[in-house]
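A short write-up of the structure that comes next.
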């Protein structure tokens, strides 16, 4: 009787496992189109905290970043994906849910200009 080598046993087990998973996947409908999942994003910030100057958010009107700095500390919170979302308080973006990043008013202006937004002085 020949001795059984570990690598032969492992190869056999792997081959069996691979064949079993293929059969299982076929039974589960692996070839069907995936269903689209929709996620609702929630904002942990009350929308009243995100009050903005209504003219500042218009596509045709220049954004005045100083209007967002209500406490005049030179710091605002800006979304790094939706650059026009600016607040004077920390929170999340109401559009995408990302956490707003603390930036200086000057940096917020630069971010807007770099991303093709109109900025007023």
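Each label point was placed 7 Å from the Cα along the Cα-to-Cβ direction; for residue 8 and residue 61 their separation is 8.2 nm.
If the segment from residue 96 to residue 116 were pulled out straight at 0.36 nm per residue, it would be longer than the present Cα-Cα gap by 5.3 nm. The smallest convex shape that holds all Cα atoms of the stretch 67-121, its convex hull, gives 72 Å³ per residue.
Each reported figure results from applying straightforward, stated rules to the coordinates on display, with no laboratory input. This is a predicted model, so every value here is computed, not measured. In this analysis, Cβ positions are derived from the backbone assuming ideal geometry, glycine residues included, and neighbour counts consider all displayed protein chains.
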